[in-house]
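These notes are about the structure you will find just below.
Any read-out appearing in this document is the output of simple, stated calculations on the displayed coordinates, not a laboratory observation. Quantities reported herein were computed from a predicted structural model and do not represent experimental measurements. Because the Cβ atoms are built from the backbone with ideal geometry, glycine has one as well, and the counts that use them run over all protein chains shown.
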């Protein structure tokens, strides 16, 4: 095998495979760290799980009709997977979890600086300034590149699945235009007017990536996060806590379910910083619990679980309820407040993360090597999963139906499940490559641009 062929084969392997074959072959391999066990490492694993569930939902929507109806909807939808807790597999509070984690991560440095006994306002300003400057440089380039590739694939006619034959929700997708110049111009308008436009608060159609509606929203949420951190940086701890709670309540009351989770992330980070002023390992957290009195120890261990179970039940609030006219049993009382699932999902997502933050035991599954790996590729997985469905994933279901048949319910679902599993494996591979060749270099480029523009003040 020639050197060029060998290098190409290595480049097409996922990072963990390259690391096994040639640990020194590529700097991208060194970039993949082992699982961390800091106090917030579980958030990385949770983010990876949520990215997988986003893929599951988007794969499922076109093939399963009425999946957003709850158990007992209109007295005729009684599938087992519609039950509370089980429906979290495909219809849980996915986006709010992403937003809360973003708010937590983006505010962590500022909160640590603010709470430090030797707080340096200069250091706080430099840190916050760098975070604000970097945000757009880190957030926008990867989806711009992914949608550029979608534009090329669309023009080549690869987004041509028989969508009309799908029994569920037909996916939004771009259509091939007559010339490449027209296609490129259409994509350029899409990027400037929809993908990176921070001045519009509606949800654009985003034909080159309908799942990317969260990207401009994330940028606006980041701006709200940084502004809130700046406003509260010098506030007294209890005042800061009270103002954060008031801001979250006000955001929800004004219909900003999308901004409330970012503020919730700041609140969660504030609470975590109060409880653990310095980063601790998971084992140290367990030791702290062991040193408490038996009664208090039992209470500390039981409280997160007691909080988590009702939070997951609330997170199962059905997405479709005919604007409150057909609320399913068990959720009628919630519908009297609001039938809009987004608010209940936002609240439940915060309560879930609050529960996890208080229990090293509950965090443990999310700090496993597999969960941490999925967390590292979660952003890339989110970016590439929708295009992959169009050019590969949707075709796997009819293929496996050719093996299982569709003459009965279980045969239909067996072929569907096989297609999902096969596409999932390919998705992890493609996401790993996209991260190594696009996301990581974009992060390095952002650091370089920051260094050029801001000098040494990082």
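Remark on segment 33-454: Rg and Dmax equal 22.5, 74 Å (Cα only).
Net length available on complete extension from residue 21 to residue 452 is 151.5 nm, with 0.36 nm assigned per residue and the Cα-Cα distance removed. Residue-normalised convex hull volume from the C-alpha trace of segment 401-454: 79 Å³ per residue.
For each of 426, 150, 384, count neighbouring Cβ atoms within 10 Å of the residue's Cβ, then give the residues from fewest to most.
426, 384, 150
Listed by Cβ neighbour count within 10 Å, with the fewest neighbours leading, 270, 175 appear as 175, 270.
Regarding segment 222-268, what is the average projected area of its C-alpha convex hull, in nm²?
2.9
With contacts taken as Cα pairs under 8 Å at a separation of at least 6 residues, the chain carries a relative contact order of 28 percent. Over all Cα atoms in segment 306-458, the spread is summed up by Rg and Dmax: 21.4, 67 Å. As a proxy for reagent exposure, 341, 42, 78, 250 were ordered by neighbouring Cβ count within 10 angstrom, fewest first; the result is 78, 250, 341, 42.
If contacts are Cα pairs under 8 angstrom and at least 6 residues apart, what is the relative contact order of segment 71-217 in percent?
Values: 87 pairs, mean separation 23.7, N = 147.
Answer for segment 71-217 is 16 percent.
Relative to the current alpha-carbon distance between residue 322 and residue 158, full extension at 0.36 nm per residue lengthens the span by 55.4 nm.
Maximal additional length on extending the residue 361-residue 200 stretch stands at 53.8 nm, based on 0.36 nm per residue less the C-alpha distance.
Coordinate range of the alpha-carbon atoms in segment 44-98 per principal axis, descending: 40, 22, 16 Å.
Would you calculate the convex hull of the Cα atoms in segment 118-253 and tell me its volume per residue in Å³? If you can, show how the numbers build up before the last one.
Values: hull volume 19.8 nm³, N = 136.
Cα-based convex hull of segment 118-253, divided per residue, equals 145 Å³.
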